[in-house]
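This report concerns only the one structure given below.
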Amino acid sequence: MTDSKKKMIEAEPMWNFMFLTCNKKKAQTDSGIIVSFGNDVYDIRQDVIKVGDSVRGLKPGYTVEIDPRPYFVKDWKDQNNPTLVEEMERKQTIRIAWPVENIDGVDVMIVPDSHVRLRWRNGLE
């Protein structure tokens with residue numbers, strides 16, 4: 001995380017929410033599952049830019065792994081009698097609607113601390 005990105009964002013997250021970076025990643029995981037939503041493919045590991053007042057255990061500069069399950073998108077139009085090929089394709093693709101917003105000209109993910117699975121302190125303590 002660059003300090004310039006943190007300084008560019010004057011807004012502060014509320015309560016238990018955090019601002020995270022929006023680092024993009026390759027489109028395919030090690031297990032071969034494609035994780036995407038539209039053209040944007042984000043890594044589940046992001047850096048913390050700012051934290052709300054109620055966030056405990058996380059500080060700006062930490063790296064966190066986001067649990068993607070709360071952001072899965074279910075495509076309801078494919079639910080009606082899928083063919084075998086469509087069923088196999090659906091098992092290979094997971095669509096995720098990441099909570100990305102533009103704040104003060106910077107794209108950030110706004111995530112509650114309850115959606116974090118792991119953290120790395122990156123030598124900050």
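Read-outs: derived from the displayed coordinates by stated rules, not from any lab. The structure presented is a predicted model; accordingly, all values stated were derived computationally and were not measured. FYI the Cβ positions are ideal-geometry reconstructions off the backbone, even for glycines, and counts take in every protein chain you see.
Treating r as the C-beta distance of V73 and E125 and R0 as 25 Å, the FRET efficiency rounds to 0.10. In this structure, the amide hydrogen of V116, modeled 1.01 Å from its nitrogen in the peptide plane, lies closer than 5 angstrom to those of D67, counting only residues at least 5 positions away or on a different chain.
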